[in-house]
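Reviewing the structure listed below.
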Amino acid sequence: MPQKSKTPKKKRTPKSKNWIVTTSPDRPIKTIAKDLEKAGFSIGHVNGEIQSISGAAGDHIVKKLRSISGVVDVSADEPIDIGPPDSSDTW
């Protein structure tokens, strides 16, 4: 009888979500971005003018991100639909 080959199980990684990180001007935003990457955050855009960094990470990483010096807030990046210009519904 042939033996079944044992294939290693793939390790499941939690699904990433998009996040917006608001930063403090007390630390250089590039330094904060490096710390976020080290913690597992995948940088999308660094927006120095408005002190924010967008990117992706799993939910399990967010607590780490919030503990980084210079991080003020970490919020889910949710789509916003305000409708067409002449719509009576605005939100």
**OP:** Kindly indicate whether any position in region 78-91 is under 14 Å from Ser16 (Cβ atoms) and of a type outside the set (Val, Ile, Thr).
**Re:** no
Original post:
Looking at (1) in a loop (DSSP other than H, G, I, E, B); (2) touching a residue at least 40 places away in the same chain (Cβ under 8 Å), can you tell me which one Ile82 breaks?
Top reply: (2)
Original post:
For the subset of region 47-91 comprising residues that are at pLDDT 95 or above and hydroxyl-bearing (Ser, Thr, Tyr), which member is surrounded by the most Cβ atoms within 10 Å (Cβ to Cβ)?
Top reply: Ser52
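The values are calculated or read from the model by the stated rules, or taken from the named source; none is laboratory data. The model shown is predicted, which means the values in this text are computed figures rather than measured ones. Because the Cβ atoms are built from the backbone with ideal geometry, glycine has one as well, and the counts that use them run over all protein chains shown.
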